[in-house]
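The block underneath contains the structure these notes are about, expressed in structure tokens.
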Amino acid sequence: MPIPVDKRFREKEDKAMIKVFSVENMRKSDAYAALHTVPSRELMYRAGKGVFEAVDWREPVAIVCGGGNNAGDGYVIAKLLHEAGMRCEIILLSKRFSPDGAYYFAACLEAGVPVRYWARDVALSTFGTVVDCIFGTGFRNTVSGVEREAIDAINFSGAYTVSVDINSGLDGDSGRAEMCVFSDLTVSIGGFKTGHFLNSAKDVMKRKINCDIGIDPVEKPYYLITEEDLCPLFAPRRNDSHKGTYGYTALIGGSRKYVGALCLAEMANAAMRCGAGVVRLAFPDALYPAIAPRVLESTLFPLRDDGGEIVFEKEEADALIRGVRTAAFGMGVGRSGGARAFLTYLLGNYTGRLIVDADGLTLLSELEREKIDSAACALILTPHVKEFSGLTGKGIDEILNAPVAAAEEYARDHRVILLLKGPSTVVTDGETTYIVDAGCAGMATAGSGDVLSGILSAVLAYTPDPLLGTAAAAYINGKAGELAEKKSGSISMIASDTVACVRKVVRALEGKN
């Protein structure tokens, strides 16, 4: 069924939200701006000037330049550094120049900026700052030859490294790389690209900022979620409200093989910390002794089971979902016939917002497409890449090479909201796409997905826009994880550490109103 949207929360997003471009959208937008609004030479100057003003320079400075427009940005930077009296040098990897790049290179020569060609004996370690202007966002090939030598030298130089637009060698759309520059700072030009957030991006950029040079998108962009975008969803609550105002939610999971009592409990606790009015935690009755001592604020709803596996009973399912605005299904539920029957019944009879995760996604991939496409509920699916591969039939590499496009296609075709997990999260309904740049390596631990499901079930119980609400849940989960990692470290961190930090993130969102 079509997902209901309260457009009050989207009508200003084109102006208010930070735009993220695909490489093709940026290429078209750049070309349009050069023809109609800002000459290409002026755009190049703005790019170089933006980087020049953004960096805390450490002298001397080496600007390592390839042969395209990215190198042209470097020539502008070099000229501005020279004019400011800072020691700098251009190191050329190529004798090719773009037309605008040739103009600014000639200006550097005229101004007396030192220039030399790359050689293996160039000692980049003698420079305080190295500027990477080798490849731009259009790079798609394997790095080889002199460029490979230069990237290796940059990475081993020990200098403060600035990548202009994107780290050379990194794919501008997917964020994948066979090898690339590791930067201390990446200054994107015109707008962020998806490659600044996906796959390897977080591991190769310590910090990233954008330099706006006056390019507007000619095609619909994606949007980067920030704290300011989400604050309206977390306004302080009224004194004349009650628990029913903020919604009942049901969390359904667990099985004999995947007891995960602690994970289920933390999922329920995460939901309560994110403002759910009432949480019904449903699980096989055999797990009751393990779960009951860990959950205080939630309502326990043991389900009839057979050897620790859920047994589907219509009357029991109806009682569970009665009056429930959101339900989350699949966390540790296993793949038994009872679990399959339970999910099938929810798809056909539940009319709220249904989150499907973990084992539920595997069961969903085994059902006929018709059951998904004709679901009575609004579906929100939360796969990681392997689970998404099972849903789509696409190979993992194919998805990683184009995660946003793959997520949009599936969401559009099946009329669902898809939350694709990764170093940054992609949230889309096939028409509007959000990038959530939150989370950390310490969250790669058992139970993190269950915590997200708990947060998501709570937020979707009281937010009017399910797409933005889904992005909000991913943001809360990721930011709480980042806070937890600062306390526990990426190695020792566990899922309950994230739950302990959820309230601080929610409080910050509430406090902005």
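The values are calculated or read from the model by the stated rules, or taken from the named source; none is laboratory data. Small disclaimer: the values here were computed from a predicted structure and weren't measured. Cβ atoms come from the backbone with ideal geometry, glycine included; neighbour counts cover every protein chain shown.
A quick yes/no check of all residues on (1) closer than 23 Å to ALA150 by Cβ; (2) at pLDDT 95 or above; (3) touching a Leu at 6+ places or on another chain (Cβ under 6 Å):
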{"position": "GLY50", "(1), (2), (3)": "no, yes, no"}
{"position": "GLU59", "(1), (2), (3)": "yes, yes, no"}
{"position": "ILE77", "(1), (2), (3)": "yes, yes, no"}
{"position": "LEU81", "(1), (2), (3)": "yes, yes, no"}
{"position": "GLY85", "(1), (2), (3)": "no, yes, no"}
{"position": "ARG120", "(1), (2), (3)": "yes, no, no"}
{"position": "PHE127", "(1), (2), (3)": "yes, yes, no"}
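Considering only residues of the range 175-210 that are of a type in the set (S, T, N, Q) and within 21 Å of THR433 (Cα to Cα), which is surrounded by the most Cβ atoms within 10 Å (Cβ to Cβ)? So that I can check it myself, show each step before the final result.
Residues of the range 175-210 that are of a type in the set (S, T, N, Q), as a first pass: 183, 186, 188, 194, 199-200, 210.
After this cut, where a residue has to be within 21 Å of THR433 (Cα to Cα) as well, the list is 188, 194, 199-200, 210.
Details: SER188: 26, THR194: 30, ASN199: 22, SER200: 20, ASN210: 21.
Ranking the qualifying residues of the range 175-210, first place goes to THR194.
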LYS386: passes all of (1) assigned to a strand (DSSP E or B); (2) farther than 26 Å from ASP306 by Cβ; (3) free of Cβ contacts under 8 Å to residues at least 60 places away in the same chain but (1)
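Within the range 110-119, is even one residue under 27 Å from ASP173 (Cα atoms), out of contact with any helix residue (DSSP H, G or I) (no Cβ under 8 Å at 6 or more places or on another chain) and not small (Gly, Ala, Ser)?
Let us first name the residues in the range 110-119 that are under 27 Å from ASP173 (Cα atoms), namely none.
Within the range 110-119, not a single residue is under 27 Å from ASP173 (Cα atoms), out of contact with any helix residue (DSSP H, G or I) (no Cβ under 8 Å at 6 or more places or on another chain) and not small (Gly, Ala, Ser).
Residues being closer than 15 Å to GLY254 by Cα and either of a type in the set (Gly, Ala, Ser) or surrounded by fewer than 18 Cβ atoms within 10 Å (Cβ to Cβ) (or both): count how many of those fall in the range 278-336. So that I can check it myself, show each step before the final result.
Kept after step one, since they are closer than 15 Å to GLY254 by Cα, are these residues of the range 278-336: 280-292, 294-295, 300-312, 327-336.
After this cut, where a residue has to be either of a type in the set (Gly, Ala, Ser) or surrounded by fewer than 18 Cβ atoms within 10 Å (Cβ to Cβ) (or both) as well, the list is 282, 285-286, 288-290, 292, 294, 300-302, 304, 306-308, 327-328, 330, 332, 334-336.
Result for the range 278-336: 22.
Name the residues in the range 405-415 that are over 23 Å from GLY352 (Cα atoms) and either touching a Cys at 6+ places or on another chain (Cβ under 7 Å) or buried (at least 21 other Cβ atoms within 10 Å of the Cβ) (or both), would you?
Residues of the range 405-415 that are over 23 Å from GLY352 (Cα atoms), as a first pass: 405-406, 409.
Hit for the range 405-415 is ALA406, nothing else.
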When restricted to LEU400, LEU418, LEU452, the only residue surrounded by 24 or more Cβ atoms within 10 Å (Cβ to Cβ), assigned to a helix (DSSP H, G or I) and not polar (S, T, N, Q) is LEU452
From the option list GLY439, GLY469, single residue qualifying as buried (at least 24 other Cβ atoms within 10 Å of the Cβ) and not in a helix (DSSP H, G or I) is GLY439
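How about the range 298-327: which of its residues are in a strand (DSSP E or B) and under 26 Å from PRO464 (Cα atoms)? Even if it seems obvious, please write down each step before you answer.
To start, the set of residues in the range 298-327 that are in a strand (DSSP E or B) comprises 299-303, 305-306, 309-310, 324-327.
Scanning the range 298-327 gives THR299, VAL324, ARG325, THR326, ALA327.
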In the range 233-264, residues that are assigned to a strand (DSSP E or B) and among the small types (Gly, Ala, Ser) total 2
*Quick check, is LYS206 farther than 22 Å from LEU43 by Cβ and at pLDDT 95 or above?*
yes
Residue pairs within 6 Å by beta carbon, gap of at least six or interchain, first lying in the range 222-250 and under 20 Å from GLY277 (Cα atoms), second surrounded by fewer than 22 Cβ atoms within 10 Å (Cβ to Cβ) and of a type in the set (Ser, Thr, Tyr), listed first then second, are TYR246/TYR462; GLY247/TYR462
Among residues of the range 337-371 being within 20 Å of ALA271 (Cβ to Cβ) and acidic (Asp, Glu), the residue surrounded by the fewest Cβ atoms within 10 Å (Cβ to Cβ) is ASP359
